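Taking it in order: structure first as structure tokens, then the write-up.
Just so it is clear, none of the values below were taken in a lab; they were calculated from the coordinates. Nothing here was measured: the structure is a model prediction, and the numbers come from that model. Glycine gets a Cβ as well: all are built from the backbone with ideal geometry, and neighbour counts include every protein chain shown.
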């Protein structure tokens, strides 16, 4: 009699960037455990699709789900019932709050799906820690999938304590904050949405930082060799003294490398014409945007860097929406920035010493990432095997 498969449910946040990253992680689980082996049953992967709150996002999600369904890779999809989203008025200035509240509303549907689909484990996006209690009620081991770096994870784990330690809002604090694994961090360098303690965004990130510790494990899109001190600090419990950290599974880099039709052939042609590892690429996620002050700070940094660059720059959302608008370069960028771009390109074409060192560093990081996912000895490969072992072990306990 064939052994039952262990069905792993994935719950991504409704944004396309988070969806694609978690699906790519699911593909790795299938590739390594889809057929089963002597260590345990085969693993299947089912994505719980949350209907986005806007038609623009829904179209992006539907398109990506359709491509993966047509690929024949074996990733399954289960669409959760629609829920009434939080008021869109809160989303323009408090995107993190909107995402967190919207995902929390999915809790009863996630609990029902876990029972219906026979979940062996649930992997939730880091904006979805509000469903952890529902998963516990269903008796399903639950892991948090952290799409960003170990540096941000360490900061979020520290945030509940930092809220008490720093007497004023971070945007008013002139000192530094302690994040184990990092040098002292100037308060002004923290993400802008953490600046004011009374803001809904800040309160939700404090909440998520606490809830991460309640998970059965944290899967993180990073590489041990790139952030060793930070991962060690988290694992050793230095970010949350007095509590044992959940097991960490750094399986990165998790990238969606699927070929897609280009929406900007001019940029692609220019990028293809540049020397390997010579371009600084700036992109801040599917919901990332800048006001004029922040855009000019980035522009100043690019000027000082002396590197070629490709910048995905978008402007603030229109009133009552959450989606960035096409950038008005005259409004966002400082005077003379087109001349700066030409100067940077000329500098890099001259094969400067700074450019050579930047290319060498990029090539070194690329080699580290390639080695990390290599079968047999890579650190990310090993973390994935540990994760599969934990999922199978939990499944065996559930089915005894």
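Just a few scattered comments:
- Packing-based exposure ordering (other Cβ within 10 Å, fewest first) of 304, 67: 304, 67
- Projected onto their three principal axes, the Cα atoms of the stretch 53-148 cover extents of 37, 34, 28 Å, largest first.
- Neighbour counts of C-beta atoms inside 10 Å place 159, 302, 9 in the sequence 302, 159, 9, starting with the fewest.
- This ranking places 231, 226 by how few other beta-carbon atoms lie within 10 Å of each, fewest first, which gives 226, 231.
- For the stretch 11-82, taking Cα atoms only, Rg and Dmax work out to 13.2, 46 Å respectively.
- At q = 0.14, 0.15, 0.16, 0.21 Å⁻¹, base-10 log of I(q)/I(0) for the stretch 84-231 (Debye sum, equal scatterers on each alpha carbon): -0.74, -0.83, -0.93, -1.31
- Averaging Cα coordinates gives a centre for the stretch 191-236 and one for the stretch 93-149; these two points are 16 Å apart.
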